[in-house]
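Scroll down for the structure; my scribbles are underneath it.
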Amino acid sequence: MLARGKPFQAALCRFAGGHSQHAAKWQPTGFQRRSYSQRLDEDDSVLETEWKRQLMSWKTLGLFTIPVIAFGLGTWQAQRLKWKMELLDDVNDRMHRPPIPLPLRVSASEIARNEFRRVLVHGVFDHAAEVLVGPRAMEGEPGFIVVTPLVREDGSRVLVNRGWIRRELKDPKTRPESQLDEPVT
């Protein structure tokens, strides 16, 4: 059975045209007394409160941080590009300077100062200690990089990258023109 309180009974009596002891005492509640425009204003304030609550949610804050992070990463990439271009310009400048003679004893400070510089070295290649690094492809063709020690007048050795060769030239006997026995610079 439905619970029937005083407002229900009063409304029922009015509808039926009858009188009830509760009918004279019954008054509309606060919501029922308000006009339509007042109820719309109240609905707007509820919507505004709901909108503010959603605006300050973690999802919204997360979405607003994405552009900030993207802007920061873009700025970092632009700075990195500038640094990289300066580094490449420095390397290119050092590689195109005239070669310098390589001293017999090389210190760590000299290595840093002359990094990427071409040097002049006199000596004889030690083909018995030649090393093939690879396989390394060049323009889609398999091959190797040839590294040969150069023995200097004082007996010290310097590794010389002699360049890339095709796989068919792996055996030193197939490339006699590169097997020099006289001193080279």
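The values are calculated or read from the model by the stated rules, or taken from the named source; none is laboratory data. Everything quoted here is computed from the prediction, not taken from an experiment. In this analysis, Cβ positions are derived from the backbone assuming ideal geometry, glycine residues included, and neighbour counts consider all displayed protein chains. SASA here: full protein model, heavy atoms, side chains in, ligands and nucleic acids out. Shrake-Rupley method; radii C 1.70, N 1.55, O 1.52, S 1.80 Å.
Entry remark, the stretch 93-148: residues being among the β-branched types (Val, Ile, Thr) and within 20 Å of ASP181 (Cβ to Cβ) number 6 in total.
Against the definition (part of a loop (DSSP other than H, G, I, E, B) and either in contact with a Leu (Cβ under 8 Å, 6 or more places away or on another chain) or loosely packed, with under 11 Cβ neighbours inside 10 Å (or both)), how does PRO149 come out, yes or no? No.
Which residues, counting only those in the stretch 155-165, are open to solvent by 100 Å² or more (accessible area, probe 1.4 Å) and of a type in the set (Lys, Arg)? Full working, then the answer.
Residues of the stretch 155-165 that are open to solvent by 100 Å² or more (accessible area, probe 1.4 Å), as a first pass: 157, 159, 161.
Hit for the stretch 155-165 is ARG157, nothing else.
Checking each residue in the stretch 166-183 for being open to solvent by less than 30 Å² (accessible area, probe 1.4 Å) and either in a loop (DSSP other than H, G, I, E, B) or in contact with a Leu (Cβ under 8 Å, 6 or more places away or on another chain) (or both) picks out only ARG175. Could you count how many residues in the stretch 107-138 are on the phi > 0 side of the Ramachandran plot and in a loop (DSSP other than H, G, I, E, B)? Matching residues across the stretch 107-138 total 1.
For the stretch 86-106, the set of residues classified as basic (Lys, Arg) and either part of a loop (DSSP other than H, G, I, E, B) or in contact (Cβ under 8 Å) with a residue 40 or more places away in the chain (or both) consists of ARG97, ARG105, listed by residue number.
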